[in-house]
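Heads up, the thing below is written out as structure tokens.
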Amino acid sequence: MSYPLYVFKFRDGEPVPMKEAVIREVLGPVTVGGMPGRGLPEGWNLRAPDGGEAEVYGDATSLSFVHFSFGLILDKVAELARRTGAVVMPLDRPALLQREHDRRHLPDDDLRARAIVVPPSAWTGRAIQQVVRPVPEPRQRPLLPRFPYHSLAGVVAPTDEPCVCCGQERGWVYTGPVYGAEAPDEGICPYCIAFGKAAERYGATFNDLIDGEVPGEAAREILERTPGIPAWQSPRWLTHCGDGAEFLKPAGAGELAHFPDAVETLRRECTGWGWLPERVEEYLGALDADGPPTAYLFRCRVCDTRLAYSDFT
């Protein structure tokens, strides 16, 4: 940062010297060229192991850090203040205190009113950074609905936009395929899929082909109230033990190595295409979750068998 960050130690409203030995001990290891044998330089440069830098000016009574980097440099500033009992004062920002009773030693009412006490366990460079350049707390988003046939891998993303179907800001948006002439291509929240509202309003389905026989209610659940599969070609839903399987995720050769039963289903699929064994094994080794080619991993909801199919552009 180009503006200064000050480190002072105050007593009864007046600055008092920090221990020079502590300044040398804390800042010496990151001082370019090292500290002089005695005293402090009039001005010197810092360079931390993470590449961060700063320029330092002043003396034991007042140190200013300019052009400072976030990271280990600010950790050093925090360590210096903590060990000397000093106050960290970013320009035009609240001062950082270590204890509440330090407030009364600050030199004016405005500083005392705005100062922030940082707990000892949080007295780090990150605490200084949060005052210099505040980072918003991540938004707490609601829990996603549970889909018995889908893990939600690859088909939801956070958003602050309202759902195009229900008009509510749900914190999440569905990013997978939608089938239906009147259905929007994007902007539907996963809750409207789970509750069947999107299917009812738009006559939409989210899956197009079930590969096998399943009871009618299971078929409706998969087609109308289950997110789709982010596939390269038209996806198909695998079945096992008379029910739809649960879609787990797109998978590559590395992920599939843990599921030999799924690899065997893929091997049979490739053999059914008329491929020679050498080509089959080459293809299986080339599978990539980010593909193509990509495998789509499922789990039987009855017997826990893993199964998969694959596609490519």
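Just so it is clear, none of the values below were taken in a lab; they were calculated from the coordinates. Bear in mind the structure is a predicted one, so any value in this text is a computation, not a measurement. So basically every Cβ, Gly included, is an ideal-geometry build from the backbone, and we count neighbours across all protein chains shown.
Quick notes
- Normalised by the number of residues in region 231-313, the mean separation of alpha-carbon contacts (under 8 Å, six or more apart) gives a relative contact order of 43 percent.
- Under 5 Å, built H, 5+ apart or other chain: amide partners of VAL88: LEU96
- Kirkwood hydrodynamic radius (C-alpha pairs) into Stokes-Einstein, region 5-132, 20 °C and 1.002 mPa s, D in µm²/s: 147 µm²/s
- Helix runs (DSSP H) in the chain reaching 30 Å along axis by Cα, Kyte-Doolittle at least 0.0: none
- Annotation: amide H-H contacts under 5 Å for ALA251 (H modelled 1.01 Å from N, sequence separation of 5 or more, or interchain): ALA295, TYR296, LEU297.
- Only alpha carbons enter this Debye calculation for the chain, each as an equal point scatterer, and the log10 of I(q)/I(0) it gives at q = 0.10, 0.15 Å⁻¹ is -0.73, -1.02.
- Using a Förster distance of 30 Å, the FRET efficiency for GLU217-ASP261 (Cβ separation, nearest 0.05): 0.65
- Computed FRET value (nearest 0.05) for PHE70 with GLU186, which takes r as the C-beta separation and R₀ as 30 Å: 0.25
- Of GLY252, GLY13, GLY285, the one that fluctuates the most in a GNM where the chain has Cα springs shorter than 10 Å: GLY13
- For THR305, residues with placed amide H under 5 Å, excluding near neighbours: CYS300
- Helix-only [θ]222 nm of the chain, DSSP H runs n ≥ 4, -39500 (n - 2.57) each, per residue, nearest 500: -7000 deg cm²/dmol
- Where the alpha-carbon atoms of region 141-207 are placed on the principal axes, they occupy 31, 26, 18 Å, in descending order.
- Counting Cα-Cα pairs of region 231-313 in 10 Å increments starting at 0 gives whole-percent bin shares of 20, 54, 25, 1.
- At most 12 other Cβ within 10 Å, DSSP loop - trypsin sites (Lys or Arg not before Pro), region 141-206: ARG146
- Sorting 218-226, 25-33, 294-302 by their mean Cβ neighbour count within 10 Å, with the most densely packed peptide first, gives 294-302, 218-226, 25-33.
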